[in-house]
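See below for the structure under consideration.
No value in this document is a laboratory result; all are computed from the given coordinates. Please read all numbers here as calculations on a predicted model, not as lab measurements.
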Amino acid sequence: MPDMISFMNSLWVVPTAEFYTTYQIVCLILLAAMAVGAIVAIIIVLFQPGNSTGIDALGGSSETFFGKNKGRSLESKMKRWTAISLIVLTVFSIVFFILQIEAVWGGGA
């Protein structure tokens, strides 16, 4: 039983002023990066045209120059950048969540 009590006491760490300042700076940097990533994703999505072709879809599909070169079009680049910005936003969010765990900052040692 004394081993369990000493183990529980070793988990408790009183944060110092330097620790708290470092923690705040890292959190603010991650929050700012997430805000920028979210704004970029929103702007890119708003500039993308819709996927539906409306009434033209009833007549069947006709092959056009833009259909053949869709991989090099601005629309495909915007979709790629949307995916990249959302992946970056997701990674920053996961890192921010992990940094909220006290043991990451040395609370468990």
> What is the gain in length, in nm to one decimal, between A83 and I39 on full extension, counting 0.36 nm per residue of separation less the C-alpha to C-alpha distance?
Replying inline: 14.5 nm
> Given the Cα-Cα distance of I29 and A17 and 0.36 nm per residue of separation, how much length would full extension add, in nm?
Replying inline: 2.5 nm
